[in-house]
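First up is the structure itself, then whatever we jot down about it.
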Amino acid sequence: MNRAEIQKSFVELVRAHARIQDSSVITESSLLVDDLKVNSTRFVDIILEAEDRFKIEVGDDDMKRFERVGDAVDFIYERTVNA
Amino acid sequence: MDRVVITGMGVVAPNAIGLDAFRIALCQGRSGLAFVPQMKELDFGCHVAGIPPLSEESTESYLGPLMRTTNSTMRYAAVAAIDCWRDSGLSMPPSDSAVDWNTAAIIGSSLAGMETAGELVVPETNAGRVRKLGSSAIERVMASCASACVSGILGLGGPTTTNSSACGTGAEAIVNAYWMIREDRIDRVLAGSTEPSSVYAWAGLDSLRVTMRKCNDRPQSAARPLSASAGGLVPSGGAGILMLESLASARSRGARIYAEILGGHSNSGGQRNGGSITAANPEGIVRCVQQSLEVAKVKPSELDYINGHLTGTAGDPKEIRCLSNALDRRLGDMPWINSTKSLIGHGLAASGSMESVATILQLVHGFLHPSLNCEDFHPEISELQPRVPQVSLSAPVRIALKTSFGFGDVNSCVIFRRWDEE
């Protein structure tokens, strides 16, 4: 997957957990909890689903990379490119 | 000390979902028990259970995305609580509403998280996949999963808790809520109980051989309270939720009132005098009934109807003798008595609340539902037979006693009076 494909797929994944559903307001700089209103309790579910969807592993220290859409897409892209 | 009234009810039962459907099912004597293939496949002795016919589609219309993070314990309670809330004339709050500081929730359960423990937590943990459990495993396995779920949906700010006293749980929740309002601690309490439909919840009872094993080919004949051929309980799941409210609060908002709770009491037989973890000390039951009457200021002769605990086990004749002793009324002179478990099985912790809803519906609509499958009445209590309706009866019952007993030798009784405008 190229980065754009990862971005599209990740936004789709996030939307299933976000109260903000309008794709047009979900940008690379959107914060999952503060901007997209993802329930903070469900944050870990997004990471688990990303692990399954992109065949990657997200360690405890990497979780901060998932706070912002663009950072998460970068992280997933790095891991899939280097896999 | 204010009076306590019931202003709303909701029910998810094996034979019906919702008040109107439940009233009709009771009146028609419709059984909600069915053959459960999974119980046969897993080599249970009993292959019959009562599973509420709550569809995913219907549940989703109540819970929306919350569906993903709930189990049947929570779903039954949430659907019954939302129905109860609306039935009491209150509108559903949006998810960002102000907190309702004047409403509490006491929603009991006994085996609350067993379904999630059995299907998810135990197998995943044993397979070394703890990190894959996800965010909702803990909220589905904790004892207070249902009260927490309901409180979050409705934005309740009063005490939110889960009581647990085995099969006495539902009636105990109502007794506890009654005292909270009587003592002017809160205006309203959503009170009741819930229990999952899960083989993991029922396995221990099957192993104990207290489940019915002789009617696997005749599911609707399996629950046989008061009969000579009663051979054990039939497990079931479900929930019943009641809105208990101070009379002042109900009147101030013009709420419709179904019934008044005149009194109630909970106790334990201390596992003495024949009592044990699974059997009741007769003195405990007698004292519980008598103290309920005392609180309610009701004479035994004023009771019109008893909704018994009556499980379809060897305990039924013992319960009847205790009730007779407590009321000092001989069997042929007892109030009307029936067993809702003959229709919906034994909902365990959920039984007391589902059966309280059944009790109040009978008071309000002036009928008694049939106690099924006791044509061969138990010979030890044969004098009682004329007091047990075997077909639906029209009966202007006004004051009812609900009894519930549970493992641990615990007892809870509630006395309801039909509301007649004063």
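Laboratory data are not the source of any read-out in this text; all were calculated from the coordinates shown. Note that this is a predicted model, so its numbers are computed, not measured. Using ideal geometry, Cβ is built from the backbone for each residue, glycine included, and neighbour counts are taken over all protein chains shown.
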query: Hey, which of these cross-link pairs are over 24 Å Cα-Cα: A:LYS8/A:LYS55; B:LYS40/B:LYS318; B:LYS214/B:LYS318; B:LYS299/B:LYS341?
result: B:LYS40/B:LYS318; B:LYS299/B:LYS341
field: Nearest-20 debye value, the protein assembly as shown charge dipole, Cβ charges on Lys, Arg, Asp, Glu
entry: 1080
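Just from its helices, what would the mean residue ellipticity at 222 nm be for chain B, if runs of 4 or more DSSP H residues each count -39500 (n - 2.57) and the sum is divided by every residue, rounded to the nearest 500 deg cm²/dmol?
Details: 14 runs with 135 residues, N = 422.
Helix contribution divided over all residues of chain B: -9500 deg cm²/dmol.
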- line: Projecting the Cα atoms of B:ILE174, B:VAL99, B:LEU111 onto the charge dipole of the range B:69-196, where Lys and Arg contribute +1 and Asp and Glu -1 at Cβ, the residue farthest towards the positive end is B:LEU111
query: By DSSP, what percent of the beta bridges with both residues in chain B are antiparallel, rounded to the nearest 5?
result: 70
query: Distance from the Cα centre of the range B:369-384 to that of the range B:66-106, in angstrom?
result: 39
- request: Using a Gaussian network model of chain B whose springs link C-alpha atoms within less than 10 Å, name the residue from B:ALA127, B:ALA98, B:ALA177 with the highest mean-square fluctuation.
  value: B:ALA127
- prompt: What is the sum of charges around A:ARG53, taking Lys and Arg as +1, Asp and Glu as -1, for the other residues whose C-beta is under 14 Å from the C-beta of A:ARG53?
  reply: -2
message: Can you compute the charge dipole magnitude of chain A about its Cα centre, using +1 on each Lys and Arg Cβ and -1 on each Asp and Glu Cβ, nothing else charged? Give it in debye, rounded to the nearest 20.
response: 240
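Using the Cα centre as the reference, give the magnitude of the dipole from point charges on the C-beta atoms of chain B (Lys, Arg: +1; Asp, Glu: -1; all else neutral), rounded to the nearest 20 debye. It would help to have the intermediate numbers written out before the result.
Values: 36 positive and 41 negative charges, 60 e Å.
For chain B, the charge dipole is close to 280 debye.
Give the relative contact order (percent, whole number) for the range A:3-81; include only Cα pairs under 8 Å separated by 6+ residues. Can you show the working numbers first?
Details: 78 pairs, mean separation 29.1, N = 79.
Computed over the range A:3-81, the figure is 37 percent.
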query: Using Cα pairs under 8 angstrom and six or more residues apart, how large is the relative contact order of the range B:265-418, in percent?
result: 34
message: Can you find, among A:PHE54, A:VAL25, A:GLN7, the residue sitting farthest towards the positive end of the charge dipole of chain A, where Lys and Arg contribute +1 and Asp and Glu -1 at Cβ?
response: A:VAL25
- prompt: At a Förster distance of 41 Å, what's the computed FRET efficiency of B:ASP43 paired with B:ALA21, Cβ-Cβ distance as r, to 0.05?
  reply: 0.75
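Sort B:CYS413, B:CYS374, B:CYS215 so that the residue with the fewest other Cβ atoms within 10 Å of its own Cβ comes first and the one with the most comes last. Write out the running numbers ahead of the final one.
On the way: B:CYS413 34, B:CYS374 25, B:CYS215 22.
Final ranking by Cβ density, sparse to dense: B:CYS215, B:CYS374, B:CYS413.
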field: Normalised contact order of the range B:15-139, rounded percent, pairs of Cα under 8 Å and 6 or more residues apart
entry: 16
